[in-house]
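Here the structure comes first, spelled out in structure tokens, and everything after it is commentary.
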Amino acid sequence: MPQKTDLLLPVLKGQPVIPVILVHDVAHAVPLARALAKGGLPAIEITLRTPAALDAIRVVAAEVPEAIVGAGTILNARQYEEASAAGSRFIVSPGATPQLIEAARDSNVPLLPGAITPGEIMALREEGYTMLKFFPAEQAGGATFLKSLASPLSGTMFCPTGGVSAANARTYLSLPNVVCVGGSWVAPEEHVKAGNWDEITRLAADAAKLAG
């Protein structure tokens, strides 16, 4: 079954960097999403690595109409359903399982599954997936490895995440098989805790200007 790229592609192509963020305090979620959107990064991935994550997705979806909130670190079908019910408009997983693919098939919310090896990528292509997360990017071989996949696996586009930073984002974005990158540097935890929303907006604005 196709990936629902008509829903996913506008999100990924809409900005060069998708902020990957941890929310420990629900009270931070709305001002953080507003700060990122103000800087030109409306699509954000809130990872399900904290107890506050689902509530954070819920309040951003309800109170920040300019944001496109997604859920990351989705590991199973139950989390997929919970994140979708909370208001996620896209789902990101570090990998892929038959159960996740089945959950995506039954959902109106598109999935961006993770893959690294040619075998994993080929298996997802057989399921109709052409937009994938490349994770963990730096640890798996970085831009050099990803570039080597462009020709033999042409038609597959990636969002590299994991070790991507302001220093190396342009290298990834210059690759023909990269649609965007995911990164946490635009919302450092110390700025979130301190409520430095103007600084996060500045970082987001700098990231929004990145190009290959």
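A few notes on this one:
- Within the stretch 24-37, the only residue that satisfies the criterion of being charged (D, E, K, R) and in a helix (DSSP H, G or I) is Arg34.
- Qualifying positions in the stretch 146-159 - surrounded by 14 or more Cβ atoms within 10 Å (Cβ to Cβ) and in a loop (DSSP other than H, G, I, E, B): Leu149, Ala150, Leu153, Thr156
- Residue match in the stretch 85-95 (condition: under 27 Å from Leu175 (Cα atoms), buried (at least 17 other Cβ atoms within 10 Å of the Cβ), touching a residue at least 40 places away in the same chain (Cβ under 8 Å) and among the charged types (D, E, K, R)): yes
- From Leu175, Leu210, residue being in contact (Cβ under 8 Å) with a residue 40 or more places away in the chain and assigned to a loop (DSSP other than H, G, I, E, B): Leu210
- Taking the stretch 38-56 as the range and being surrounded by 24 or more Cβ atoms within 10 Å (Cβ to Cβ) and in a strand (DSSP E or B) as the test, the residues that pass are Ile44, Glu45, Ile46.
- Only residues that are over 14 Å from Glu63 (Cβ atoms), in contact with a helix residue (DSSP H, G or I) (Cβ under 6 Å, 6 or more places away or on another chain) and surrounded by fewer than 22 Cβ atoms within 10 Å (Cβ to Cβ) were counted in the stretch 16-37, giving 0.
- Hey, Val20 touching an Asp or Glu at 6+ places or on another chain (Cβ under 6 Å) and outside any helix (DSSP H, G or I) or not: yes
- Scanning the stretch 153-174 for residues that are over 24 Å from Pro2 (Cβ atoms) and among the aliphatic types (A, V, I, L, M) gives Val164, Ala166, Ala167, Ala169, Leu173.
- Odd one out for Gln15 among (1) free of Cβ contacts under 8 Å to residues at least 12 places away in the same chain; (2) within 16 Å of the chain's Cα centre (by Cα): (1)
Let's see how each residue does on (1) over 16 Å from Thr97 (Cα atoms); (2) surrounded by fewer than 19 Cβ atoms within 10 Å (Cβ to Cβ):
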{"site": "Phe134", "(1), (2)": "no, no"}
{"site": "Glu138", "(1), (2)": "yes, yes"}
{"site": "Thr144", "(1), (2)": "yes, yes"}
{"site": "Thr161", "(1), (2)": "yes, no"}
{"site": "Ser165", "(1), (2)": "yes, yes"}
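- Odd one out for Gly162 among (1) at pLDDT 95 or above; (2) on the phi < 0 side of the Ramachandran plot: (2)
The values are calculated or read from the model by the stated rules, or taken from the named source; none is laboratory data. Nothing here was measured: the structure is a model prediction, and the numbers come from that model. When we count neighbours, we look across all protein chains shown, and the Cβ atoms used for this are built from the backbone with ideal geometry, even at glycine.
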